[in-house]
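Engineer: So that we are looking at the same thing, I have put the structure below in structure tokens.
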Amino acid sequence: MPVSSLWELFLFFRGKGYTHPKISAHPMKTHFYHASILEACTYNHLTVDEIFERVKKTHPNAGYSTIYRNVEELALKGQLKKISGIGSKAIFEKVIDRHVAHFVDEKTGTVYDLEIPEEWIFSKLPRGFAPKAADLRIYGTVEKTVS
């Protein structure tokens, strides 16, 4: 089939499932911001804005939209946990090998972790139940104690 423009050529190869040999031979690399994002989110509950500010310290040329896309990508891959419904913005934390409930201070939006032993969780489940995911949040306010 003769093609008269680059656009027609693109459409022709696209329809055939063609991929350029140089592109298909080199799978997409993990973006170098991933490590900085994961480090920022380890034991922290951060919005994308807060993650961006932390990553910007080590990568001054980082763009907000790039960090946002990388955060969402890490959440889709299961490396970050996206926690929605707390305040107006989603917060993210690094997925680590522990089971955590979240206490949410409704006044400040601060999120606190409560580690729950796996043995305790499984002892409370019906026999044969195969959990796939869990998300426990306890809402309230943290009152300042008077000393």
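Engineer: Using a Förster distance of 35 angstrom, determine the FRET efficiency expected from the C-beta separation of residue 65 and residue 114, and round it to 0.05.
Structural biologist: So the FRET efficiency works out to roughly 0.55.
Engineer: Per residue, what volume in Å³ does the Cα convex hull of the range 97-140 take up?
Structural biologist: 82 Å³
Engineer: Please list, in chain and number order, the residues 5+ apart from residue 100 or on another chain whose amide H is under 5 Å from its amide H, with Hs placed from the backbone.
Structural biologist: Residues meeting the amide H criterion: 116.
Laboratory data are not the source of any read-out in this text; all were calculated from the coordinates shown. What you see is a predicted model; the values in this text were computed from it and never measured. Positions of Cβ are backbone-derived with ideal geometry, glycine not excepted, and every protein chain shown enters the neighbour counts.
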